[in-house]
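Here the structure is laid out as structure tokens; the discussion comes afterwards.
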Amino acid sequence: MDFVNNSWYVAGWSKDFKSNITTVEMLSQSLVMFRATSGEISALEDRCPHRLLPLSMGKRIGDTIQCGYHGMTFDKVGKCVRVPGQANTPARADIRAFPVVEKNGIVWVWMGDPDLADAENVFDMPEFHSDDWHMHHGGHLHLKCHYLNVVENLVDPAHVSFVHPTTLGNASSEDVPVHVSTSENVIRAWRWIRNAPAVGFFKEFGNFHGHVDRWHYYNLHLPSTAVIDFGSIATEENCAEEDRDRGVRVFALHFVTPVDEHYTIDHWMHLRNSARGQDSASEKIDGLLETAFQEDKAILEAVHKAEQRVQPRKPVRIAIDKGPNVYRKRIRDLVDAENTEHLGDPIAPAFVYKD
């Protein structure tokens, strides 16, 4: 499978997790999650080791979960604390607990080797902590397609002109060159569209009706977090690229979580530098983005469906595919590294390498 296990993935927003048992599926694994009395969120494998009944079909008792079949009970770190009818609780009956970090109102779960989980590596950006920016958690877009198609769409400014002609793009950007940078850890693609009509989004949010300069900066953090920096400013302002804060600027954040090979959830939210503290602005942006994301959903699900059929010819690649191609290669490299055991540098090897 094309899943990178050793990474933090978003399970949902903080507000999604309360004291009740919640089932979350990611990377073809089912988790049972709940907020303990201490306030911390626990994530356990959703499977009793006895007869494999999902623990989410059981019930919570204090900070434990009792299996609904024979009553085996597990604490918030996965330790079996009770087996009805016997005094001992063997360690083999314990279940796996997954590291969880709650940060910026977002709940992250580490799906790989727990010894490699480092909370310092959870995604963050300065705007989360700045009074100059308004943070708003959006929704959860469910897509019946492979996550790689979803993510590469998020490092592809060129599709906006054609998929979102009335929301995030228009015909004026169709032939504007896209700049791509793949030399660093973050894959970037961007372009400016100068002296062009405002797109639907910024007519509604920003009240632009004349010509504007607008931009799209797509920043892809492996394996599946995308930050899209987009905005507009009146053309007569003659805005430099590094002065984007002078305009109406929005960060659309996409935390893409693979559920399985045919199902993906895009947890999306935004940060903005205008209309701070205005709930009505958040609601308007949610509506505008939801319309655009439904346009993406229709395309991506149709592509995935077509990929499942017998292919009579090889697909072609064109100039705009630079970012997605590099992304796919890096994912393959990460997956290969996780699936290979490196024994370290050899001692007195019998091989002499000339490369």
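Any read-out appearing in this document is the output of simple, stated calculations on the displayed coordinates, not a laboratory observation. Since the model is a prediction, treat every value here as computed from it, not as a measurement. Cβ coordinates were reconstructed from backbone atoms using ideal geometry, including for glycine residues, and neighbour counts include every protein chain displayed.
Which of the listed residues, Trp110, Ala189, Ile21, is farthest toward the dipole's positive end in the chain, when Lys, Arg count +1 and Asp, Glu count -1 at the beta-carbon?
Ile21
Measuring from a point 7 Å past the Cα of Ser181 along Cα-to-C-beta, which residues in region 195-218 have an amide N at less than 20 Å?
214-218
With a 10 Å radius around each residue's Cβ, average the other Cβ atoms per peptide and rank 26-36, 45-55, 169-179, highest first. Provide the component values of the computation, followed by the final result.
Numbers: 26-36: 19.5, 45-55: 17.3, 169-179: 15.3.
Result, highest mean Cβ count within 10 Å first: 26-36, 45-55, 169-179.
What relative contact order, as a whole-number percentage, does region 8-119 give when Cα pairs under 8 Å and 6 or more residues apart are counted? Provide the component values of the computation, followed by the final result.
Values: 224 pairs, mean separation 27.9, N = 112.
RCO, region 8-119: 25 percent.
Relative to the Cα centre, what is the charge dipole magnitude of region 8-119, using +1 at the beta carbon of each Lys and Arg, -1 at the beta carbon of each Asp and Glu, and rounding to the nearest 20 debye?
Details: 13 positive and 12 negative charges, 95 e Å.
Roughly 460 debye for region 8-119.
Give me D for region 166-297 in µm² s⁻¹, whole number, from Stokes-Einstein with Rh from the Kirkwood sum over alpha-carbon pairs, 25 °C and 0.890 mPa s. Intermediate results must be reported in sequence, preceding the final value.
Values: Rh = 15.8 Å.
Rounded to a whole number, D works out at 156 µm²/s.
Give me the tail of P(r) for region 1-147 as a percent: Cα-Cα pairs with distance above 18 Å. Let's see the in-between values first.
Details: 6528 of 10731 pairs.
Here the long-distance tail beyond 18 Å is 61 percent of all Cα pairs in region 1-147.
Dipole of region 171-284 (Lys/Arg Cβ +1, Asp/Glu Cβ -1, origin at the Cα centre): which of Ser224, Asn273, Ala171 lies farthest to the positive side?
The residue sitting most towards the positive pole is Asn273.
Taking the chain, how much of its Cα-Cα pair set, in percent, is spaced more than 36 angstrom apart? Don't skip to the end; give the middle numbers.
Details: 20043 of 62835 pairs.
In whole percent, the share of Cα-Cα pairs in the chain beyond 36 Å is 32.
Could you give P(r) for region 79-210, binned at 5 Å from zero, as whole percent values over all Cα-Cα pairs?
Going out from 0 Å in 5 Å bins, region 79-210 shows 2, 7, 9, 11, 15, 16, 12, 8, 6, 4, 3, 3, 3, 2, 1, 0 percent.
Quote the FRET efficiency, to the nearest 0.05, computed for Asp2 versus Lys284 with a Förster distance R0 of 45 Å and r equal to the Cβ-Cβ distance. Present the calculation step by step, with values, prior to reporting the outcome.
Numbers: r = 36 Å, r/R0 = 0.81.
Calculated transfer efficiency: 0.80.
Can you tell me the mean projection area, over all orientations, of the convex hull of region 54-98's alpha carbons? Units nm², please. All intermediate terms of the calculation are to be shown ahead of the outcome.
Working: hull surface 12.5 nm².
Value for region 54-98: 3.1 nm².
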